[in-house]
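The values are calculated or read from the model by the stated rules, or taken from the named source; none is laboratory data. Since the model is a prediction, treat every value here as computed from it, not as a measurement. Cβ: placed from backbone, ideal geometry, glycine included. Neighbour counts: every protein chain shown. Ligands, DNA and RNA are stripped out before the accessible areas are found, and what is left, the full protein with its side chains, is counted by its heavy atoms. Shrake-Rupley method; radii C 1.70, N 1.55, O 1.52, S 1.80 Å.
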Amino acid sequence: MPDISLTTLVVLCLAALAAGWIDAVVGGGGLLLLPALLLGLPSSTPAAYALGTNKAVAIVGTSGAAVTYARKAPVDVRLAVRIGLAALAGSSAGAFFAAGMSTEVLKPVIMVVLLAVAAFVILRPAFGTAPATGPAGRRRVFAAIGLAGLGVGFYDGLIGPGTGTFLVLTLTAVLHLDLVTASATAKIVNCCTNAGALATFAWQGTVLWQLAGLMAVFNLAGGMLGAHTALKKGSGFVRVVLLTVVFALVTKMAYEQWLA
């Protein structure tokens, strides 16, 4: 366990709980979880440890959400696994490149990602509300494997925050899924990307397992609760919460980067 205060540990666990809930509903739990780790861990801790610990926590909550969705949502598990295998390869490759990244480089990149996601959510509030159009054709399936699998998978291993959101957006746009079905499919794919990246980080020895184990319990609870919320209420009301979190994190990280 790293040398952090009890207050910081409580905040990290609450962040894991909230991240699991957000990730299960609309994706993007890493937008909260990874910045929380970057800010909560001692400043001398290399960024790779925050990335590796983030994956160890996220895979637990994502798996719980995926199981919850698979039981109740109309998910094409076979297609999701095909995309997930491509994503696993992409995330493993991205994780190798992430090992040499510093916190100073990582934080501005995350801020740009946060703002990009916020802009998309604001400009396209009705995105993914139409019912699914039926089974996807071969071209759309291959496009989903390439973009959501290899492309988003590589990003997940390299940086991570927003992967669930990017998966939902890509799957909705390419496969013409409704938002809830896209979220359910994204959880299965995201399990694969997390597994690939986590295996790489574990091999490199950049996972804080004790901290990850504690935070994972809260992330699992948040993930399962979030999946139930999405299935019952949809994701419209969560957009406001997600935007609030995004702008709060951008403000805090910008302050830490340039003003503190």
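For a quick check, take a GNM of the chain with Cα springs below 10 Å and name the residue from A98, A70, A50 with the largest mean-square fluctuation. The residue with the greatest mean-square fluctuation here is A70. Largest first, the extents of the alpha carbon coordinates of region 1-46 on the three principal axes equal 33, 21, 13 Å. The residue among T181, P35, A202 whose Cα reaches farthest toward the positive pole of the charge dipole of the chain, with charges on the beta-carbon of Lys, Arg, Asp and Glu, is T181.
Counting only Cβ charges, +1 for Lys and Arg and -1 for Asp and Glu, the dipole size of the chain around its Cα centre is about 820 debye.
Rg ratio for region 1-88: its Cα radius of gyration over 2.2 N^0.38 Å, N being its residue count, equals 1.25. Assign one of three labels to region 49-94, namely rounded, prolate or oblate, based on the Cα gyration tensor with a ≥ b ≥ c the square roots of its eigenvalues; rounded applies when a/c is under 1.5, prolate when it is not and a/b is larger than b/c, and oblate otherwise. It is oblate, given that a/c is not under 1.5 and a/b is not larger than b/c.
Run the accessible area of the chain with a 1.4 Å probe and give the carbon-and-sulfur part as a rounded percent. Using a 1.4 Å probe with all protein chains present, the chain comes out at 69 percent carbon and sulfur.
Applying the Karplus relation 6.51 cos²θ - 1.76 cosθ + 1.60 with θ = phi - 60° to region 183-191 yields 3J(HN,Hα) values of 5, 5, 5, 4, 5, 5, 4, 5, 4 Hz, where x marks Gly and Pro. Only the Cβ atoms of Lys and Arg (+1) and of Asp and Glu (-1) were treated as charged; on that basis the dipole of region 1-123 about its Cα centre amounts to roughly 400 debye. Rounded, prolate or oblate, given the Cα gyration tensor of region 145-216, with a/c below 1.5 counting as rounded? Prolate is the answer for region 145-216, as a/c is 1.5 or above and a/b outweighs b/c. Ranking L123, L106 from most to least accessible surface, computed with a 1.4 Å probe over the protein chains only, gives L123, L106. Between 0 and 90 degrees, the angle of helix 209-233 with respect to the longest Cα principal axis of the chain falls at about 30 degrees. Ranked from largest, the principal axis spans of the Cα set of the chain equal 51, 36, 31 Å.
Picking from A216, A47, A173, which is most flexible by a Gaussian network model of the chain using Cα springs under 10 Å? Judging by the Gaussian network model, the answer is A173.
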